[in-house]
Protein chains: 2
Amino acid sequence: MRELKQAILQDGIAIGNDIIKVDMFLNHRIDTGLMFRMGEELAKRFAGEKPDLILTVEASGIALALTTAHAMGDVPVLFAKKAATVVQSPDVAQASVYSFTHKRENIIRADKKYLPQGSRVLIVDDFLSDGQACQGMMALCAQTGCQVIGIGIGIEKGFMPGGKNIRAMGVNIQSLAVVTGIEDGKILLADD
Amino acid sequence: MRELKQAILQDGIAIGNDIIKVDMFLNHRIDTGLMFRMGEELAKRFAGEKPDLILTVEASGIALALTTAHAMGDVPVLFAKKAATVVQSPDVAQASVYSFTHKRENIIRADKKYLPQGSRVLIVDDFLSDGQACQGMMALCAQTGCQVIGIGIGIEKGFMPGGKNIRAMGVNIQSLAVVTGIEDGKILLADD
């Protein structure tokens with residue numbers, strides 16, 4: 001997606017060999033217009049799949065999940081939680097996920113009643129790196145008998161194994177921008 | 001807001017004397033259409049204020065902040081973070097916030113460069129209970145010289161002191177639904 005790629009090149013900051021800081025427009029400050037156009041683009045790419053719901057994980061996946069859901073006719077969003085709350089249902093699906101950004105293990109949880117058996121689920125997240133978050137969400141879906149019809153991603157790190165591993169399982173991943181590497185502090189992007 | 005009040009009465013669950021579980025449509029599963037109409041309603045109520053940005057805090061404030069921002073002409077959103085990341089800027093505004101739901105203290109943080117001095121900021125959150133989160137966000141704004149032009153809330157617990165305390169400071173709080181109490185497991189709502 002050209003506009004996202006331009007934003008990455010203009011405002012993204014490369015840190016070391018593998019971290020891309022895009023908190024100017026994606027995951028701290030949100031460029032609202034861009035986020036809606038990203039949702040529209042993901043909706044187009046999965047238009048034929050008619051998901052019953054969109055699954056993401058808090059916190060930075062929520063915005064793209066919501067704009068995608070809106071563009072698909074206001075299907076519901078479910079965001080998996082990382083922290084147990086005092087009002088949590090005892091009947092949850094859960095999976096262990098290592099966060100590349102936060103350098104720690106998280107348990108992600110979703111109330112099973114919001115992932116009804118047989119639902120067609122589109123997973124959406126802002127980033128795909130090593131694939132831990134997506135595989136965790138796939139595990140939640142497997143636990144409740146939901147069908148993952150695809151994965152929509154804002155920025156995929158093509159130099160990390162997540163995308164390759166999950167595509168090898170036969171899952172359709174659509175990424176709006178693919179970073180192929182970082183060279184001398186410059187972010188390199190794949191052609192569309 | 002009638003539609004939100006109906007959702008609370010239909011799907012909200014009272015727990016004890018002070019907790020309202022609305023994870024069916026607001027802060028776990030999201031009713032996407034309702035969330036957009038809530039954003040439109042908040043945008044109407046603050047239409048004359050022309051904020052430069054909308055500030056919220058992760059995670060469950062993000063959806064309402066984004067739909068409000070969209071209805072106000074795609075103004076940017078900034079969501080304060082609860083966890084330090086490995087790529088965090090050293091120049092952050094921060095405040096300590098006690099979470100009523102999670103029963104723990106959080107530090108919320110925002111990169112100062114995304115809260116430019118003199119900005120007109122609309123604070124948005126899904127819930128207003130004891131007011132800790134909103135006061136934390138007001139503290140972030142004070143640290144960078146931003147002006148809080150108002151606070152937009154999904155559900156206010158009118159039986160808790162947050163709204164009263166913050167209104168006493170002269171801040172315009174608009175809440176789309178006000179819960180006045182819980183009686184025998186029934187959620188009571190204020191008239192519009």
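Bear in mind that the values in this text are calculations on the coordinates, not laboratory data. Since the model is a prediction, treat every value here as computed from it, not as a measurement. Reconstructed Cβ throughout: ideal geometry from the backbone, glycine too, with neighbour counts over all protein chains shown.
Key figures
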{"quantity": "Amide H within-cut-off set for A:SER119, under 5 Å, with H built and near neighbours excluded", "calculated": "A:GLN147"}
{"quantity": "Distance from the stretch A:113-173 to the stretch B:113-192 (C-alpha centre basis), Å", "calculated": "35"}
{"quantity": "Estimated vicinal HN-Hα couplings, Hz - the stretch A:25-31 in sequence order (Karplus 6.51, -1.76, 1.60; Gly, Pro = x)", "calculated": "9, 10, 10, 8, 7, 10, 7"}
{"quantity": "P(r) of chain B over all Cα-Cα pairs, binned every 5 Å from zero, in whole percent", "calculated": "1, 8, 17, 21, 21, 16, 9, 4, 1, 0"}
{"quantity": "Listed residue pairs exceeding 29 Å between alpha carbons, taken from A:LYS113/B:LYS44; A:LYS81/B:LYS157; A:LYS5/B:LYS113", "calculated": "A:LYS113/B:LYS44"}
{"quantity": "In order through the stretch A:169-175: 3J(HN,Hα) via Karplus (6.51 cos²θ - 1.76 cosθ + 1.60), integer Hz, x for Gly, Pro", "calculated": "7, x, 8, 7, 9, 10, 10"}
{"quantity": "Helix runs (DSSP H) in chain A reaching 15 Å along axis by Cα, Kyte-Doolittle at least 0.0", "calculated": "A:132-144"}
{"quantity": "Cα-centre dipole for the protein assembly as shown with unit charges at Cβ (Lys and Arg positive, Asp and Glu negative), debye to 20", "calculated": "340"}
{"quantity": "The protein assembly as shown: calculated mean residue ellipticity at 222 nm from DSSP helix runs of at least 4, using -39500 (n - 2.57)", "calculated": "-8500 deg cm²/dmol"}
{"quantity": "Given charges at Cβ of Lys, Arg, Asp, Glu: the stretch B:2-189 dipole, positive-most of B:LEU78, B:ALA14, B:MET138", "calculated": "B:MET138"}
{"quantity": "B:SER89-A:ASP191 pseudo-label distance in nm [points 7 Å out on the Cα-to-Cβ vector]", "calculated": "3.6"}
{"quantity": "Unmatched cysteines, the protein assembly as shown - criterion: no other Cβ of a Cys under 4.7 angstrom", "calculated": "A:CYS134, B:CYS134"}
{"quantity": "Inter-copy spacing of B:ARG2 label points, which lie 7 Å from Cα along Cα→Cβ, given in nm from shortest upward", "calculated": "4.5"}
{"quantity": "Cβ-vector label at 7 Å, B:ARG167, separations to other copies in nm", "calculated": "5.6"}
{"quantity": "Cα-centred dipole magnitude for the stretch B:54-192, charges only on beta-carbon of K, R (+1) and D, E (-1), debye, nearest 20", "calculated": "440"}
{"quantity": "Extension gain (nm, one decimal) between B:MET169 and B:LYS113, 0.36 nm per residue minus Cα-Cα", "calculated": "17.5 nm"}
